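Some notes on the structure that comes next.
No value in this document is a laboratory result; all are computed from the given coordinates. All figures in this text were calculated on a predicted structure; none of them were measured in a lab. Here the Cβ positions follow ideal geometry from the backbone for every residue, glycine too, while neighbour counts run over all protein chains shown.
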């Protein structure tokens, strides 16, 4: 482990924590504007998080240790997963950090704990959220793995760092493949971060909520951790899409100027993507839960198409 | 050194078998404790000998006794054998440790002595199978294993459920033996010897038949779909430690058989690999889909064993495919994945069966709908089960993930090495299904852990449950530690045994996880409010929370039930009678939704009915009358004389 890598750990973690609430607010803002409202300030998520940190934590008497460790484990797993996707600076990979399968399963680790915490208090809302979350994540899994396998196939590597290095320095694969990868990754972002049409992050209504239902029992600093970790997760998945498709600005050498420029580029690109996500959400209606498999089948079709094009061309 | 140790292991296990049998009428604790101590001692010896051999890598060959010229009791312990011996050793030691306490809470008075003896015999049979140096002794010990495990399954023979399971198991296990014997005979006809020697000929129809017969035989024993049906019957019926032994070790013996024959005897064709891969993937997906639906905790674990055996077969299939394509690095990688998963599955499945056994003995039910709230009542058991659940759900950094990652990586890497496009598409399809499997197993174990341990107790028995004695915690505790070490230090362990695998450094990842959690905690400690209150949370205005309003296990898996309804095949029955002719005034009626047992109703039963028909035809010849039998003998002798006179 060299100095570059240690610096990378620090920079990446700080950047992702600092930026991700901004993107969450941006999406909300875009959605509000699309609906003809003014919407909250783009710094609202930061204020909410700070407010939550000041509140006390309430545990249900039925809840066990799972409830108490889940926020920490979730945050840790998501932050480690965030290390697998360089936002602004790509170092040499160390010890298999950046392995695309391990990245996926770190997200699964966070989800596993969150789902158990949903069941822990014994409230029926939490159970419903957990059940739906695990169902959705199970049936989207083949699509996700096929997209990731397609990435590995296109870039001939299993490591996200190497993929980014290739796109940033050596040039990108053919446009057709790139578009298909972008579509598939976009669908994965929508599903993994619980957005319309899969889930509605705004409501606490019984019929629509999945992710929000699962974390309904959380409060105070624990809720802040859950909110922040889901924001970080979204940013990381967005970064995966951005740095593969529009990698300009991404630096592979460690210089202060390079990193600052890369950071500005990343914020701009991320804000544009957040805007697109907001518009996409505004143009969609929440789908009925049992219609989701057909949506996922479509995503699976796109991801398989990448492979078929890549294999037979 | 290794030979002496091995003979000592056999002797100790024999002592453990015979001692409780000669004192069978003595219902004393010390008889059973001594017998099980023999198991533990033998396991420790076995473990050290296999570790010694695993590290040195020198195959040891020795032979004990030669009753007839063609057949000798000879043994060989090479690295493959010692790897599987290690699995047997670790699992047996932990199970025996757990058993010393568990057996005292069982019914059956002095019959329990026989149970101990049989357990020793069962372990002995498995050890001897692994060490066998020729196919004939392999088969003999295979039969010994089948017979002793049948006795173990039918321990509670008075219960109807056990009787049915016992008969089912017996038939399936004998079918398995039959196919293995067929394969061995076919090999003998081809080569003229019973030794595990590499065939010189590439492939003849006879060799293909031998492979197929052995594959079916091992698949039945391993529980590959569609030969899996005995598992969900036999596991719930037998005592929990026995289920743990059968699922943890016996299934691996079948894996061992397959790997041994593939590596040492056959030169596999490509389609063999495709066959094994297809069977493995199908078992993995269907196994976990059925496990999701199950609410008997032990049947659920049995289905999950089917899934994991499917994963192991997937790895073996990949390895065979890559060997046939001359991609030796990838072949080694996927075979290592399969073998490592065998070890890992032995660890976490034994752990889960033992802790499930503790839960069942504390709550007196196997139905997870009647459990709940046990995390407060059985804190250590719940923590141990949790480690098992995280491992089996293939989550980093525990061991289930490490081995599945190896298989995932061979899938991923194959995509840019394998040249054949069609094969590539097949590999991608299998990869997608494989990913579905591991995601569903996470869902399945969230359901299991949530229903068993979290929220409020859903039955008075569950509310009154308390923690099990210490001996029943140590055994699973060792296994839980093994799960953590095998996962976190996977890369280092592979380096010690001399394989450079492209695994990520899980130790680094675990350190990062701990570091991030510590940092988060520290930041919160200094910035956030530290106030904590335990109070009723919002439950939609109800005065107090009711266990009946909780999300049940059934409710949890309902969305997946609906999504996979085409696979579950439910039958809805609705019969109503009415008072009037226009069907307006309802009189009475019954309605039921029944899960169709697809394999049983469309595969097993037709075959069973056909064989019953054949049996009835044959039975006509057997009228029980001596004269008729004399006539048969007479006719046979005449026919023989004529045959010999004309043709010889």
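Sketch the reach of a paramagnetic label on residue B:203 as a point 7 Å from Cα along Cα-to-Cβ, and name the residues of segment B:400-440 whose backbone nitrogen lies under 16 Å away. Those under the cut-off are B:423. Peptides A:68-74, A:83-89, B:89-95 ranked from most to least packed give B:89-95, A:83-89, A:68-74, packing being the mean of other C-beta atoms within 10 angstrom over each peptide's residues. One decimal place: the segment residue B:14-residue B:507 gains 173.3 nm when fully extended, by the rule 0.36 nm per residue minus the C-alpha distance. Take every Cα pair under 8 Å whose residues are at least 6 apart in sequence, average their separation, divide by the length of segment B:226-357, and the relative contact order is 34 percent.
Between residue B:417 and residue B:71, the simple label model (points 7 Å from Cα in the Cβ direction) yields a spacing of 4.3 nm. For segment B:259-281 and segment B:282-301, what is the separation of their C-alpha centers, rounded to whole Å? Using only Cα atoms, the two centres lie 25 Å from each other.
Per-residue mean of foreign Cβ neighbours for A:72-84 is 5 (Cβ atoms of other chains, 10 Å radius). Using a cut-off of under 16 Å, list every residue of segment A:245-285 whose amide N is near the label point 7 Å from the Cα of residue A:14 along the Cα-to-beta-carbon line. Zone members listed by number: A:254-264.
Taking the Cα centre of each part, how many Å lie between segment B:317-336 and segment B:178-217? After rounding, the separation between the Cα centres reads 22 Å. The mean count of C-beta atoms from other chains within 10 Å of the C-beta of residues in B:448-459, rounded to a whole number, is 5. Which FRET efficiency, nearest 0.05, do residue A:68 and residue A:46 yield, Cβ-Cβ r, R0 22 Å? Once the sixth-power term is evaluated, E becomes 0.30. Distance from the C-alpha centroid of segment B:416-465 to that of segment B:227-241: 20 Å, rounded to the whole angstrom.
Simple spin-label estimate for residue B:34 and residue B:474 gives 2.0 nm between the two label positions (7 Å along the Cα-to-Cβ direction from each Cα). Sorted on the mean count of surrounding Cβ atoms within 10 Å across their residues, most packed first, peptides B:561-571, B:392-402, A:124-134 read B:392-402, A:124-134, B:561-571. Given their separation in residues at 0.36 nm each and the Cα-Cα distance between them, residue A:294 and residue A:175 gain 40.2 nm when the chain is fully extended. Taking the average, over residues, of other Cβ atoms within 10 Å as the packing measure, peptides B:491-504, B:10-23 rank B:10-23, B:491-504 from highest down. Note on residue A:156 and residue B:618: with the Förster distance fixed at 60 Å, the Cβ-Cβ geometry gives a FRET efficiency of about 0.45.
Direction-averaged projected area, Cα convex hull, the protein assembly as shown: 49.0 nm², rounded to one decimal.
Computed from label points 7 Å out along Cα-Cβ, the spacing between residue B:110 and residue A:35 is 7.8 nm.
If you wrap the tightest convex hull around every Cα atom of chain B and split its volume per residue, you get 249 Å³.
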